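The values are calculated or read from the model by the stated rules, or taken from the named source; none is laboratory data. A quick note: this is a predicted structure, and the numbers were derived from the prediction, not measured. Reconstructed Cβ throughout: ideal geometry from the backbone, glycine too, with neighbour counts over all protein chains shown.
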Amino acid sequence: ATGIVWFRRDLRSFDHAALYHALKTCQQVHCVFVFDKDILDHLPRADRRVEFIQASVAELDTALRALQPSAGLVTLHAVATQAIPALAKTLHAQAVFANHDDEPQALARDAVVRGALAHMGVALRTYKDHVIFERKEVLTQQGKPYGVFTPYKNAWLKKLDDFYLKSYPVAAYAAHLAPCERQPVPSLHDLGFETTNLASLKLPTGASGGQQLVEEFFERIEHYHATRDFPGIKGPSYLGVHLRFGTVSIRQLAAMAYPLHLQGFQGASVWLSELVWRDFYVQILSNFPHVAQAAFKPEYDQIAWEHGKPAKALFDAWCQGQTGYPLVDAAMAQINQTGYMHNRLRMVVASFLVKDLGLDWRWGEAYFAEHLNDFDLASNNGGWQWASSSGCDAQPYFRIFNPTSQSEKFDPEGKFIRRYLPQLAKLPNAAIHAPWTAKPMELRAAEVVLGQNYPQPIVAHDAARTRTLLRYAVVKKPH
Ligand code: FAD
């Protein structure tokens, strides 16, 4: 039989569910990646993710050739819903193999492809690949999906065993990779995109880049629990973008962290928990797809957010890192310059947008979706709904982050702030978290002129907090 493996967010040639199943069941397996116009046409012309994908796809082509010299990756720049059925026809394939993607748009795309293939008598076979547990694999005792993290995590850990961590051996079946005409992978320019600053960031691409980051991170994983909250320290793994595009395997990562967790290494346990968060939000999106547009808890849709011109001005200031709160502004500079933002800062800026500026969390969600290299609908939505208290969170809504004390706590010496806001670099530690409280002499000595080279705060936190409590009062449940 002839099969096609359709690569999407799984850009690697090892431990790959769809590739494994195709190679095992078909004599001839063609591999294809579609630079999908339905997705690419809606993106800005300079997009680090497109550059990351392009480089990773080129590496995947090379990796497939290394498995089988006559093989390789067919790359198309087309509309996937048309291109995949057309290719199946040309190659006389009996089946197309792909890995699950449970984002609503991906499900809709796959339904169209499945329908078109079915017309020709071709099957679309899809597999779990990018999470350990998906859909309805981890359920409560009542057989319902979990909506709260901690019990989900306990059930996840209970269910985990070697079976779920086993990798899919691909190399053993490489002889089944079909010959592929040598055709260069389209360049960024061919795809209609411009080069970004990706090459200047320390973000290695492709499966080799993923591997490099994994090795570096496992050298420091034992300190993860202690360092992960401090944006000025190299604490986290920076693997988000690799997990997003599947240039690393989630099974490989979990299989490395799990034994360390069992041995009692706290850093590994906390990191494994983050991987569980990722699975958690993927199953939330899959089981409660309304979250993509609306609040997980419907009563939160009654909240009246700020609107009109003043709201738009506040939003612009947030996007541009001009709020007058240094940690918030440094974090926004980080995402704007690099496409990455430290997890602690994602929580701080998200809380600031919703609870200090009174803006709809979906505005922030959309901004992150456009700018984050590791943007993932499930995790991003989960993170924003967490910050707005409308999601799967056990914390009451009146827990409101104070942007100044977060700064004092997690960037005590202003190391991170100084990196991204050089105009504040000369302020003493005591003043850097809240420059408006600095003595005039301190500001002069540091060459900071509030309102000129650094903004005055656009809101007063205490007053904003009071407004938020009023705004949220509509969701109070009757006693
Ligand atoms: P590490 O700390 O090394 O964590 C390892 C991996 O675990 C991450 O790469 C990620 O895959 C997963 N992970 C960690 N924390 C979370 C979490 N809270 N929820 C789900 N998965 C997690 N993560 C995304 O991958 N894409 C997003 O679009 C995204 N948007 C977010 C928006 C907000 C408002 C918030 C508060 C969090 C968001 N996160 C998102 C979660 C988290 O901030 C990032 O996964 C993490 O910062 C990525 O950096 P890292 O790879 O160095 O993480």
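Residue-wise test of (1) touching a Pro at 6+ places or on another chain (Cβ under 6 Å); (2) of a type in the set (Val, Ile, Thr); (3) touching a residue at least 60 places away in the same chain (Cβ under 8 Å).
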site: Leu191; (1), (2), (3): no, no, yes
site: Thr196; (1), (2), (3): no, yes, yes
site: Lys202; (1), (2), (3): no, no, no
site: Glu216; (1), (2), (3): no, no, no
site: Arg228; (1), (2), (3): yes, no, yes
site: Val241; (1), (2), (3): no, yes, yes
site: Thr247; (1), (2), (3): no, yes, yes
site: Leu275; (1), (2), (3): no, no, yes
site: Tyr281; (1), (2), (3): no, no, yes
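Ala431 passes every criterion in (1) surrounded by 18 or more Cβ atoms within 10 Å (Cβ to Cβ); (2) within 11 Å of the ligand (Cβ to nearest atom) apart from (2).
The residues on offer are Gly246, Gly240, and the sole one that is in contact with an Asp or Glu (Cβ under 6 Å, 6 or more places away or on another chain), within 12 Å of the ligand (Cβ to nearest atom) and within 24 Å of Tyr420 (Cα to Cα) is Gly240. The helices (runs of 4 or more DSSP H) found wholly in the range 86-173 and carrying at least 2 residues that are among the aromatic types (Phe, Trp, Tyr) and in contact (Cβ under 8 Å) with a residue 60 or more places away in the chain occupy 149-159.
Pick out the one residue from Ala473, Ala464, Ala378 that is without any contact (Cβ under 8 Å) to a residue 12 or more places away in the chain and part of a helix (DSSP H, G or I).
The match here is Ala473.
Take Leu177 and decide whether it is more than 19 Å from Thr2 (Cα to Cα) and among the hydrophobic types (A, V, I, L, M, F, W, C). Judged against the criteria, Leu177 is not a match.
I'd like to check something: does the range 387-399 contain any residue that is near the ligand (Cβ under 8 Å from one of its atoms) and either assigned by TED's automatic domain parsing to the domain that holds Ala463 or in a loop (DSSP other than H, G, I, E, B) (or both)? Within the range 387-399, one or more residues are near the ligand (Cβ under 8 Å from one of its atoms) and either assigned by TED's automatic domain parsing to the domain that holds Ala463 or in a loop (DSSP other than H, G, I, E, B) (or both).
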